[in-house]
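Okay, structure first, notes after.
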Amino acid sequence: MPHSSLLNRQALYLRPDPTRVIVRPFKPSTEPRYLHPRDKTRANEIVDRVLSLDPTATANQLRDILHNFDGRHRNLLRQFEMRADAMEDAFLPHDEFSQQERQLIGAYFMNEYSFESAALFNPSIVPHPDQSDIPPGSCRLIISLRAVGEGHISSLTFRSGVIDADGNVTIDTPVRLAGLPDIHANDGLAPVGCIGLSFKVESDLSERVIFPVTEAQSNGIEDARFVAFEDSGKTTYYATYTAYSGSSIRSEILETQDFRNFSLTPLRGPAARNKGMALFPRRINGRYAMIARQDSENLFLLYSDDLHHWDEGHLLMKPEFAWQFVQIGNCGSPVEIDEGWLLFTHGVGPMRRYAIGVTLLDKHDPSIILSRTVEPLLQPEATEREGYVPNVVYSCGAMRHGDLIALPYAVSDTYSNFTTMKISKLLDTMHPPGHGR
C-alpha cells in the first residue's frame, strides 16, 4: 500500500495568480491575408501616427497610460524609453522627437503578460543564502517554481519561506510587483552561449521573473532543478532546466550565488540533447555527477570533469513496478544523508498517472542501489488530482532539514503543495533491489 502515513502534507497550495504581470516587448504582426506590398512596416506606421499627435494630446495619452499602469510596475517610463531605444529603425525617417513622444512610442510597443496565469508548478527547494535572524532549528528557504502564462510559455519564479524545527513550513506572501532582469552579453570569459541576468537590488525575491531570453528558450524555461552545490567551502546554486524553442529541446544550466545575479549557459555533449538532468550537490570522487534520462524511460548516471559538457552515462534504474511501467525520471538532485543518497523519482503508470517514489544510492558509488520504495511514496489524492494535466504529482527537488526531508510537489501541472517526512521512517519503508517484483 502507499506510504501516505509517512507524509505531513502542509496544505500550502501555491496557486497561480493572474494579477501578477510583467511588461514585455510587443511586436505587431503582419496578417498573412494582406497581399499588397507595403512601403512601411506596421511599426513605422504606428510611429507615424503617434508623432502626428500635438504635444498636448501626447502628454494626455502618456498621463492616461501612467494612471492605468504605473502602480503595477517599477520605473515604467524608463521601460518605455528602453523599448524605444531598442527599435530605432521604426523611427525612420523621423529624426526629431521629444522625450514624451519617445516614451509614448515605447508604450505602444509593450504589453502586459500574466506570467503565472495558467499554472505554478514543478517546484524545487534550497536553503536561502541568507540565514540571519532565523530561530534555532529553523531554516529560511527558496522555492523555485515553473510559471506558465498565455501561449503556454514557461518562466522561472521564486518564493521564500521558513521551515521550523518541527517541519512546519510557512511561505512568505509574494509582493504584488513582478519584473524582468537586465540582460548582459557574454564578456568573453564565460562559456560560449552564456547569458548574464541581473535584477535591481531593491527588488524582492518574489518579483524576480526569469523569462526566456534566447531563441532556444523562446517557448519556455522548464522544470528547473535547483541544488546548493558545495565545493571547497563555497556554496553555488545551480539549476539544470529544459530550454524549449517550440520545436526542440536542450538542457541548460543556471548559476547564482545570491538569487539576484544569474548566468544561463547551454550544456554541451550527447546527454544535453535530452531533458530532466539533475546535478549531485557535490563532486563524487573528484568529478561532477548527474542523474539523467537519455532514452525516454530509464535513468542513467553520468560523470564529467567539465560542468558544461556531458557525455552519455550508464544505466542506473529502469521501470520495475506497475506504477512506473511507462517511464521513470528523477524528481531533482539527490539528497545526501548519512546512509547514502536519497534519489526521489517519478513513475508513470496506467492512465498516465504520475506518482513519486525514492531510491537510496551508495554514498561513495551511487551506481549501487541499496534500497527502493516498492509502492509509491506520494501519489495524486482524490482532492488533488484535477487540473491542467490530471492525475499528476511531480517535484523538481527536495531538501534535508535535520532529521526531515522537505519535498515541495506539483499537483496536476496547475499548483504546488508541500510535504515533509522523517528520514528514519522513510528508510524503514524501503527494500533492497529485487524485493516486490
Result for the chain: accessible area per residue, probe 1.4 angstrom, in square angstrom, of 46
Computed E for residue 428/residue 17 - FRET, C-beta separation, R0 56 angstrom, nearest 0.05:
0.90
Check which residues have an amide H placed less than 5 Å from residue 404's amide H, if you skip close sequence neighbours.
423
Using a/c under 1.5 as the rounded threshold, could you call the chain rounded, prolate or oblate? The axes a ≥ b ≥ c are square roots of the C-alpha gyration tensor eigenvalues, and prolate needs a/b larger than b/c, oblate otherwise.
prolate
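I need the shape label for region 182-223. Rule: rounded when a/c is under 1.5, else prolate if a/b > b/c, else oblate, with a, b, c from the alpha carbon gyration tensor.
oblate
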Roughly how many debye, to the nearest 20, is the charge dipole of the chain about its Cα centre, given +1 on each Lys and Arg Cβ, -1 on each Asp and Glu Cβ, and no other charges?
820
Check the straight Cα-Cα distances from residue 318 and name the lysines below 28 Å, setting aside those fewer than 8 residues away within the same chain.
275, 363, 422, 425
Largest-first ordering by accessible area, 1.4 Å probe, given options 132, 52, 245, 395:
52, 132, 245, 395
Apply the a/c threshold of 1.5 to the C-alpha gyration tensor of region 305-437 and tell me whether it is rounded, prolate or oblate.
rounded
For residue 27, go through the lysines and keep the ones whose alpha-carbon is under 21 Å away, minus same-chain ones fewer than eight residues off.
40
Amide H of residue 309 versus every other amide H placed in the peptide plane: which residues, excluding those fewer than 5 positions away on the same chain, fall under 5 Å?
268
Ordering of 68-75, 291-298 by packing [mean C-beta count within 10 Å, highest first]
291-298, 68-75
Treat each spin label as a single point 7 Å out from the Cα along the C-beta direction, and report the residue 29 to residue 374 distance in nm.
5.4
Counting only protein heavy atoms and a 1.4 Å probe, tell me what percentage of the chain's accessible area is made up of carbon and sulfur.
50
Once phi for every residue in region 338-355 is put through the Karplus expression 6.51 cos²θ - 1.76 cosθ + 1.60 (θ = phi - 60°), the whole-Hz ³J(HN,Hα) values, with Gly and Pro written as x, are 4, 7, x, 10, 8, 10, 7, 10, 10, x, 10, x, x, 6, 6, 8, 8, 9
With labels modelled as points extended 7 Å from the Cα through the Cβ direction, what inter-label distance (nm, one decimal) is found for residue 82 paired with residue 70?
1.9
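The values are calculated or read from the model by the stated rules, or taken from the named source; none is laboratory data. Remember, it's a predicted structure, so these values are computed and weren't measured experimentally. Backbone-built Cβ (ideal geometry, glycine too); neighbour counts: all protein chains shown. Keep in mind that these areas ignore ligands, DNA and RNA; they rest on the heavy atoms of the full protein, side chains included. Shrake-Rupley method; radii C 1.70, N 1.55, O 1.52, S 1.80 Å.
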